[in-house]
Amino acid sequence: MRAPVRLLAGAAAVGVALLVALMVGGLGRSATFDPVAVLGRPAPADVLPDLDGGRVDLAGLRGTAVLVNFWNSWCQPCQEEAPALATFYARHAGEPGFAMVGVVHDDTQEAVSRWVAAHDIGWLVALDPDNVAALDFGTTGQPETYAISPSGVVVGKRAGPSTLDDLERLLDMARRTS
């Protein structure tokens, strides 16, 4: 009976060692600018409805540096980042070669429309009612912001609420990469 117990104990020890190795291996990695599956790949070419019955064609923004921000109206971290997004957009709105798109998922059109009106959002807002874009980008929550180069490649991501400095860094990443 000792052999099966030793075998079981040995297997458990190996499992614990592997778990510890995985956890330690993740230390020191950035939790702010995450490597993601879409990083370095063409941005998803989703076409999404906007609040006015029109369409937002993400592929149609090619040729510009684009920030795509996933959010929803009930998300507390999204509400926290809203002032930074507004300041950032006001700073860059008139620049050629720049676009910003807010993609809303897991929310109602009515709630989003109220939020947009109350916060005077001037950038494009697209609805993602079936979470197609969220899945295509590989989002894991909200808010998340992606930087897309003028050539249409995803070059950066910020998970969690962005600061003004984060947004400037993402825009710089998009502009530096073609």
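Just so it is clear, none of the values below were taken in a lab; they were calculated from the coordinates. The shown structure was predicted, so the numbers you read here are calculated from the model rather than taken from an experiment. Glycine gets a Cβ as well: all are built from the backbone with ideal geometry, and neighbour counts include every protein chain shown.
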Fill in the blank from the handout: Under the 7 Å Cα-to-Cβ spin-label approximation, Thr163 and Arg41 lie apart by a distance in nanometres of 3.1 nm
Problem - Percentage, to the nearest whole number, of Cα pairs in segment 98-143 over 14 Å apart - result: 51 percent
Exercise for the section: Return the FRET efficiency for the residue pair Ala90, Ser151: r is the Cβ-Cβ distance, R0 is 30 Å, and the value is rounded to the nearest 0.05. Expected result: 0.70
Exercise for the section: Using the Kirkwood radius over Cα pairs, work out the Stokes-Einstein diffusion coefficient for segment 134-178 at 20 °C and 1.002 mPa s, in µm²/s as a whole number. Expected result: 199 µm²/s
Practice task
At a temperature of 25 °C and a viscosity of 0.890 mPa s, determine how fast segment 42-97 diffuses translationally according to Stokes-Einstein, using the Kirkwood radius over alpha-carbon pairs as Rh; express D in µm²/s, rounded to the nearest whole number.
Solution key: 185 µm²/s
Exercise for the section: Have a look at segment 31-162 and give its Rg and Dmax from the Cα atoms, expressed in angstrom. Expected result: 13.4, 37
Practice task
Work out the P(r) tail for segment 84-178: percent of alpha carbon pairs separated by more than 20 Å, whole number.
Solution key: 38 percent
Handout entry: Karplus 3J(HN,Hα) series, Hz, for segment 166-174 with 6.51 cos²θ - 1.76 cosθ + 1.60 (x for Gly, Pro)
Key = 4, 5, 5, 5, 4, 5, 4, 4, 5
Exercise for the section: Please check which bits of segment 142-159 a label hung off Ala111 would reach, taking the label as a point 7 Å along Cα-to-C-beta and the cut-off as backbone N under 17 Å. Expected result: 142-144
